[in-house]
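Working notes, beginning with the structure itself.
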2 protein chains.
Amino acid sequence: MYNQESYALGSKRSSIREIFEYAKLRAEQIGAENVFDFSIGNPSVPVPDEVEKTLIRLVEKTPSIRLHGYTSAQGDKTVRDKIAQNYSARFCVALSGDDLYMTCGAAASLTICLRALYEKGDEVIVIAPYFAEYRVFVEGTGAKLVVAPSDEKTLLPDFQALANAITQNTKAVIVNTPNNPSGVVYDEQVLQKLSALLKEKSEQYGKPIFLIADEPYRELVYDKTTPILSPMRYYENTLVCYSYSKALSLPGERIGYIAVSPQAVNAKALYASVCGAGRMLGFVCAPSLFQYLVAECDGLTADLQVYKRNRDLLYNALRSYGFTCVYPQGAFYLFVKSPEKDAKAFCKKAQEKELLFVAGDDFGYEGWVRIAYCVQTERIERALPFFKALAQEYQL
Amino acid sequence: MYNQESYALGSKRSSIREIFEYAKLRAEQIGAENVFDFSIGNPSVPVPDEVEKTLIRLVEKTPSIRLHGYTSAQGDKTVRDKIAQNYSARFCVALSGDDLYMTCGAAASLTICLRALYEKGDEVIVIAPYFAEYRVFVEGTGAKLVVAPSDEKTLLPDFQALANAITQNTKAVIVNTPNNPSGVVYDEQVLQKLSALLKEKSEQYGKPIFLIADEPYRELVYDKTTPILSPMRYYENTLVCYSYSKALSLPGERIGYIAVSPQAVNAKALYASVCGAGRMLGFVCAPSLFQYLVAECDGLTADLQVYKRNRDLLYNALRSYGFTCVYPQGAFYLFVKSPEKDAKAFCKKAQEKELLFVAGDDFGYEGWVRIAYCVQTERIERALPFFKALAQEYQL
């Protein structure tokens with residue numbers, strides 16, 4: 001009687017959500033200070049002061065009919081021009097406001113891009129470990145999700161495996177850097193190799209293969225030696241999906257954009273298709289107040305140093321206890337190898353010590369766990385003895 | 001190479017948008033004061049003071065991590081409880097927060113409902129004249145749009161025609177009251193008849209036919225003798241799609257809800273399906289600041305008396321000039337019979353007098369035009385002599 005896909009998605013809780021709910025329950029039982037919830041990727045630092053000031057100034061100074069009125073469907077023109085100008089200067093590309101489409105956040109950016117590109121029989125490739133909702137978005141569009149493994153050592157793309165995954169039906173590859181759940185960041189060499197492969201395969205099959213770059217964690221890169229790059233500089237058929245959720249600590253406000261590379265094949269038609277897809281899915285325009293806000297605050301960030309401190313603390317401690325971890329250059333996740341084959345069993349054992357995190361199984365990657373360190377530093381400090389005890393239990 | 005449906009939707013401008021763009025161009029040529037643009041349904045009254053005060057108070061007093069953080073996907077629980085409580089008290093139904101799903105406005109409410117219900121082969125009925133985007137949303141979901149005519153005199157549903165349009169494949173009927181483009185409002189008798197027909201047909205086909213009530217104009221009803229009713233009171237299998245766009249003059253902020261009748265067949269599963277559909281389409285949560293805002297401002301309205309004054313002025317004048325108009329009890333549109341068969345030709349002739357409005361053809365209804373009177377009253381006053389001259393030209 002109802003749509004079975006929708007029903008299944010709405011009635012089945014994700015394991016992340018399960019653990020999050022368990023954490024709340026457990027906090028009631030033994031006190032919140034005794035539960036170490038590392039399950040959810042929710043920003044834990046406040047918005048920059050400038051965001052609050054700008055919000056108040058916009059409300060006080062802008063006529064409400066303009067501030068809260070419809071913008072054009074693709075976003076207010078002055079907002080798009082400003083963001084495109086910043087993007088171009090920062091990433092050395094020639095992006096204009098007419099290549100930008102403002103969205104209700106990264107999830108909307110992805111569903112709109114996928115719908116804009118979709119033709120019957122399409123396959124879309126993701127690289128494991130990958131953000132679990134990619135499957136929901138790709139299959140919801142009607143396309144087939146194809147999972148390519150990454151290099152076991154680095155968790156960067158395994159280019160041979162990726163090449164093998166590409167077929168005549170491949171419409172796009174989704175990449176996510178900095179990565180959820182692994183924290184790895186693609187450097188210039190990786191982007192160049194990726195570009196070379198996609199160019200070669202596009203030529204081989206006589207049709208463009210698109211790169212969809214999902215970049216909500218773009219600004220969360222912690223080492224000065226790791227530059228932040230735009231994939232658009234390296235590969236022409238690129239759509240960048242961005243959200244201000246993490247950079248400005250605004251995840252609930254749903255504000256981001258799609259940047260369509262002006263170098264893409266028939267870029268104007270692709271942009272039109274993005275506009276049409278947004279319309280079809282029911283996105284009339286991105287929230288107007290936050291469009292004007294991000295135009296003014298684009299380039300600012302919340303105090304991301306907290307995450308860097310957390311990363312250093314957790315990564316160094318867990319390594320010293322004997323855990324195998326991927327060094328996370330960005331995002332706010334630490335990916336840790338499970339000391340036993342079954343990562344879910346490892347999670348259960350950790351849970352006995354009130355350490356809550358999620359198995360990599362949810363990200364298409366068995367044998368590993370994801371620890372979200374976007375929490376108060378003090379929580380990590382208090383959790384460390386329990387991690388140490390856990391390591392000892394496994395005789396690491 | 002791209003999705004053809006999306007491309008077509010994104011590259012073809014709607015006639016409403018065409019006329020709106022023409023109005024801007026024309027204003028540059030002859031001065032904005034000489035162009036009478038009645039093409040767009042954009043609220044023209046400011047938000048209530050209370051909205052601005054509440055926005056500033058929320059930003060100043062609420063910790064930003066909560067205010068701008070993710071809410072649960074269906075919306076913050078306290079927000080849903082508050083709105084459901086108000087709704088129940090106002091409309092004499094027993095709605096709980098767990099029956100409400102907060103959305104990014106009415107368009108999102110519709111695409112989510114349609115996706116939640118969709119099964120292969122579905123037909124969805126709309127009653128002409130109807131809001132043109134219904135076709136986009138219904139066909140975008142994969143269902144077939146079936147258009148039932150309305151009663152020619154009243155523009156209310158023609159129940160015989162509606163009965164004829166219902167088949168084994170009918171999943172839902174979309175109604176829109178107060179109506180865009182006609183301004184008519186369904187009274188209790190109409191809702192009772194509609195309910196009786198849908199019950200009878202559901203029984204006949206052995207499956208529920210859902211009523212999707214699109215109600216962004218709910219509060220825009222101008223005569224005290226016209227009560228505002230919830231269709232949920234009359235028909236069990238109802239989904240109400242609401243938006244605060246018009247009531248609070250917040251169309252750009254994209255905030256509304258879906259209310260799933262707790263009396264619907266297997267209501268909990270239907271609600272789960274709504275949650276899953278939202279997830280699949282990329283709606284993570286409705287914008288959080290505006291969730292908290294509408295919880296506090298639910299029940300308030302902008303100064304809607306301006307629209308009533310405009311309606312009275314325009315309706316009475318056009319009637320006195322000899323035009324045939326539907327008396328609009330609500331929304332902010334006047335539906336006027338074209339004095340010549342081709343409404344587009346009539347629009348062209350009006351355009352020569354700088355009067356800009358749109359043909360009913362865009363709403364599946366030929367021979368009529370829609371005049372949006374959500375403008376400054378003074379603009380209507382200055383336009384009246386031109387309407388009079390137009391009537392004289394047609395020898396009305």
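The values are calculated or read from the model by the stated rules, or taken from the named source; none is laboratory data. Please read these numbers as outputs of a predicted model, since none were measured by experiment. We place every Cβ from the backbone using ideal geometry, glycine too, and count neighbours over all the protein chains shown. Remember, those area values only see protein heavy atoms, side chains included, never the ligands or the DNA or RNA. Shrake-Rupley method; radii C 1.70, N 1.55, O 1.52, S 1.80 Å.
A few remarks follow.
- Options A:D81, A:D98; residue that is closer than 22 Å to B:S6 by Cα, acidic (D, E) and part of a helix (DSSP H, G or I): A:D98
- Leading residue by the ranking (least open to solvent (accessible area, probe 1.4 Å)) among those in the stretch A:138-174 that are within 14 Å of chain B (Cβ to nearest Cβ) and of a type in the set (S, T, N, Q): A:T170
- Candidates B:V336, B:V294, B:V375, filtered to the one that is part of a loop (DSSP other than H, G, I, E, B) and open to solvent by less than 50 Å² (accessible area, probe 1.4 Å): B:V375
- Within the stretch B:184-199, considering residues that are in contact with a helix residue (DSSP H, G or I) (Cβ under 8 Å, 6 or more places away or on another chain) and either of a type outside the set (S, T, Y) or in a strand (DSSP E or B) (or both), the one surrounded by the fewest Cβ atoms within 10 Å (Cβ to Cβ): B:K193
- For the stretch A:33-78, taking the residues that are assigned to a helix (DSSP H, G or I) and touching a Ser or Thr at 6+ places or on another chain (Cβ under 8 Å), the one that is surrounded by the most Cβ atoms within 10 Å (Cβ to Cβ) is identified as A:V51.
- Any hit, the stretch B:113-132, residues being surrounded by fewer than 18 Cβ atoms within 10 Å (Cβ to Cβ), at pLDDT 95 or above and under 21 Å from B:Y101 (Cβ atoms): yes
- The stretch A:1-32, subset in contact (Cβ under 8 Å) with a residue 60 or more places away in the chain and open to solvent by 60 Å² or more (accessible area, probe 1.4 Å), residue nearest to the other protein chains (Cβ to nearest Cβ): A:E5
- Verdict on A:R135 being within 11 Å of chain B (Cβ to nearest Cβ), at pLDDT 95 or above and within 27 Å of A:F332 (Cβ to Cβ): yes
- Counted residues, the stretch B:101-151 - those being assigned to a helix (DSSP H, G or I) and basic (K, R): 2
- Hey, A:K353 out of contact with any Phe, Trp or Tyr (no Cβ under 6 Å at 6 or more places or on another chain), closer than 18 Å to A:F38 by Cβ and surrounded by fewer than 21 Cβ atoms within 10 Å (Cβ to Cβ) or not: no
- Any hit, the stretch B:275-283, residues being aliphatic (A, V, I, L, M) and either more than 8 Å from chain A (Cβ to nearest Cβ) or not in a helix (DSSP H, G or I) (or both): no
- Look at the stretch B:96-120: where a residue is more than 10 Å from every other protein chain (Cβ to nearest Cβ) and free of Cβ contacts under 8 Å to residues at least 24 places away in the same chain and a partner is surrounded by 24 or more Cβ atoms within 10 Å (Cβ to Cβ) and in a helix (DSSP H, G or I), sitting 6+ places away or on another chain with Cβ atoms under 7 Å, you get B:G97/B:R80.
- Of all residues in the stretch B:41-68, none that is more than 7 Å from chain A (Cβ to nearest Cβ) and basic (K, R) has its Cβ atom under 8 Å from the Cβ atom of a residue that is open to solvent by 20 Å² or more (accessible area, probe 1.4 Å) and not in a loop (DSSP other than H, G, I, E, B), 6 or more apart or on another chain.
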